[in-house]
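First the structure, in the form of C-alpha cells, and then the observations on it.
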Amino acid sequence: MCPDARAPSTTDAGLPELGGFMLPRVQRLLAAAPLPVLPPQSAPRSPLGAHALRLRPARAERAAADCESLAGWLQSCAWVEQLALRPPHVYLRPQASAAGEWVQAGMAERLRLLRSRLDTAAAPEDGRPGTRSLHQFRIETVATAWQRLCVALGRPALPPPAVEGLDVPQGTLRARAGGSVGLQDVFSALQALMRDWPGGAPGASLALRFFLLRWPRGQRVLLTDARLAESQRALALLCRDAGEPPSVVSGGAAARRRGELAATVDQLDAALQRALEQQDPCPLLRHVLQVAEALDDAHPVLAADDGMRQAAGQAIAAGLDLCGLADLPAPPCPHRSPQPPFAS
C-alpha cells in the first residue's frame with residue numbers, strides 16, 4: 001500500500017465547491033440586510049437546537065446594536081422561522097419549506113457535478129472469495145470507495161490510503177469456522193443473517209463491504225456476530241420499502257421533522273469534505289445512514305411526491321454509489337430514487 005497522501009484541500013483546483021446548500025443561499029439573501037454581515041455558519045450547538053445558523057455583524061465595535069438591528073430586519077423575512085439574539089451573534093432557523101427548496105435545488109446540482117465525473121471510477125469487486133484474506137478484502141473495499149470519491153471530486157491521482165486489518169475474537173463465528181475465520185466463512189455468516197429478508201437481499205460481498213466501510217480505515221475492526229447483526233439492521237433501513245404514509249400530518253411537529261430532514265441532507269457536502277480530509281469513505285457512509293434515519297422519522301409528514309423525499313433519496317443513492325455500494329437491492333420507495341443517480 002502507498003503511504004497516506006497529504007489530506008487534500010477542498011479549495012484545490014478541480015473540486016466542486018463543497019459549501020452545503022443552505023449557507024450560500026442565506027449569504028445571498030443577507031446581501032439585502034441593512035448592515036454588513038459576515039458569512040453565515042452552521043451552529044450545531046445553539047439556542048435553537050442542532051440545525052440552526054449563526055450570523056455575526058461585521059462591525060465588532062457595534063456588535064450589540066448591530067445584532068438588534070439585524071434581528072429586527074430578519075423578523076420581517078419570510079424565510080426565517082425562529083430567531084435568538086445572543087450578541088455578538090444572531091441565531092436563526094430557516095423556515096422549513098424554504099430550506100427544503102434550497103436543499104432540493106442544491107442536491108440536484110451536486111448530483112449533476114458528481115455524475116459528470118464518476119464514469120471513470122473503478123467498479124467494486126465482484127466478491128468471489130478466491131484466495132483473498134479478510135484484510136485484503138478490506139483494503140480493496142476502502143481503495144475502491146476512495147478512488148470513486150477522488151474521481152467524483154476531481155482528484156483522481158491521489159493514492160489509496162493505508163488500512164488497518166480485522167480481528168475475529170473468540171465467539172460463535174470463530175467456533176463455527178473451526179477457529180480460523182476466512183472470507184468465505186464471513187460470507188456464509190452474512191447469508192445466514194439475511195436468509196429471512198423479505199424480497200431480494202444484498203449479496204454477501206456487498207453486505208460485507210457495507211460493514212467494513214462503516215469503520216474508520218485506521219481502526220482495527222473487531223468482526224463479531226453481534227456487530228454483523230447490527231450492521232444488517234442498518235443495511236435493512238436502506239433497503240426496506242417504507243410504503244405510502246398512512247396520512248400526512250401537519251403542524252409544528254411536522255415542520256420540525258421536515259426541517260431536520262432538510263438540514264441533514266444539507267450536510268452531504270460536509271460529509272464529503274470530512275471524507276477527503278480524513279482520506280476515508282467512512283464519514284460519507286455514516287452520513288448516508290443519518291439521512292436514512294431522518295427520512296424514516298419524517299416519513300409520516302411527507303407526501304408521497306414531496307420533493308424532500310427525492311432530495312433525501314438522491315443523497316442516499318449518491319453516497320452509496322460513491323462508496324461502491326450502488327447495487328443495494330431496494331424496491332422503488334421513499335428511501336431511493338426511481339433511477340440510479342449515476343446511470344448512463
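The values are calculated or read from the model by the stated rules, or taken from the named source; none is laboratory data. Nothing here was measured: the structure is a model prediction, and the numbers come from that model. Reconstructed Cβ throughout: ideal geometry from the backbone, glycine too, with neighbour counts over all protein chains shown.
Restricting the search to region 250-286, which residues are small (Gly, Ala, Ser) and at negative phi?
Hits for region 250-286 are SER250, GLY252, ALA253, ALA254, ALA255, GLY259, ALA262, ALA263, ALA270, ALA271, ALA275.
What number of residues within region 270-297 are within 8 Å of the chain's Cα centre (by Cα) and either more than 15 Å from TRP146 (Cβ to Cβ) or of a type in the set (D, E, K, R) (or both)?
Count: 6.
Any residue at all in region 313-324 that is modelled with pLDDT under 90, over 25 Å from TRP215 (Cα atoms) and not acidic (Asp, Glu)?
no
Please work out which residue is nearest to LEU261 (Cα to Cα), limiting yourself to region 61-101 and to residues that are among the aromatic types (Phe, Trp, Tyr) and touching a strand residue (DSSP E or B) at 6+ places or on another chain (Cβ under 8 Å).
The extreme case among them is TRP79.
Can you pull out the residues in region 219-244 that are of a type outside the set (A, V, I, L, M), closer than 23 Å to VAL301 by Cα and in a helix (DSSP H, G or I)?
CYS239
Give me the helices (runs of 4 or more DSSP H) completely within region 148-218, filtered to those with at least 2 residues that are surrounded by 14 or more Cβ atoms within 10 Å (Cβ to Cβ) and either under 24 Å from the mean Cα position of the chain (by Cα) or on the phi > 0 side of the Ramachandran plot (or both), ordered by residue number.
204-213
Suppose we filter region 65-94 for residues that are in contact with an Asp or Glu (Cβ under 8 Å, 6 or more places away or on another chain) and free of Cβ contacts under 8 Å to residues at least 24 places away in the same chain; how many remain?
1
Yes/no per residue for (1) surrounded by 15 or more Cβ atoms within 10 Å (Cβ to Cβ); (2) in the same structural domain as SER46 (by TED's automatic domain parsing); (3) not in a loop (DSSP other than H, G, I, E, B):
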residue	(1), (2), (3)
SER69	yes, yes, yes
GLY72	no, yes, yes
ALA99	yes, no, yes
ARG112	no, no, yes
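Kindly evaluate ARG45 against the criterion of being of a type in the set (Lys, Arg), buried (at least 19 other Cβ atoms within 10 Å of the Cβ) and not in a helix (DSSP H, G or I).
no
Listed here are the residues, each with its yes/no results for (1) modelled with pLDDT of 85 or more; (2) under 23 Å from ALA207 (Cβ atoms).
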position: ARG110; (1), (2): yes, no
position: LEU113; (1), (2): no, no
position: ARG117; (1), (2): no, no
position: ALA143; (1), (2): yes, yes
position: ALA162; (1), (2): yes, no
position: GLY165; (1), (2): yes, yes
position: GLY179; (1), (2): no, no
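Checking ARG138 against (1) in the same structural domain as ALA318 (by TED's automatic domain parsing); (2) more than 30 Å from ASP280 (Cβ to Cβ); (3) among the basic types (Lys, Arg): exactly one of these is not met. Which one?
Tallying (1) in the same structural domain as ALA318 (by TED's automatic domain parsing); (2) more than 30 Å from ASP280 (Cβ to Cβ); (3) among the basic types (Lys, Arg), ARG138 fails exactly one: (2).
Does ARG257 count as modelled with pLDDT of 90 or more, among the charged types (D, E, K, R) and either assigned by TED's automatic domain parsing to the domain that holds VAL151 or assigned to a helix (DSSP H, G or I) (or both)?
When the stated conditions are applied, ARG257 does not pass them.
Given the residues LEU55, LEU15, LEU70, LEU74, which is the only one that is modelled with pLDDT of 95 or more and within 25 Å of ALA271 (Cα to Cα)?
LEU55
Mind counting the residues in region 268-311 that are within 23 Å of GLN232 (Cβ to Cβ) and of a type outside the set (S, T, N, Q)?
The number of residues fulfilling the criteria is 19.
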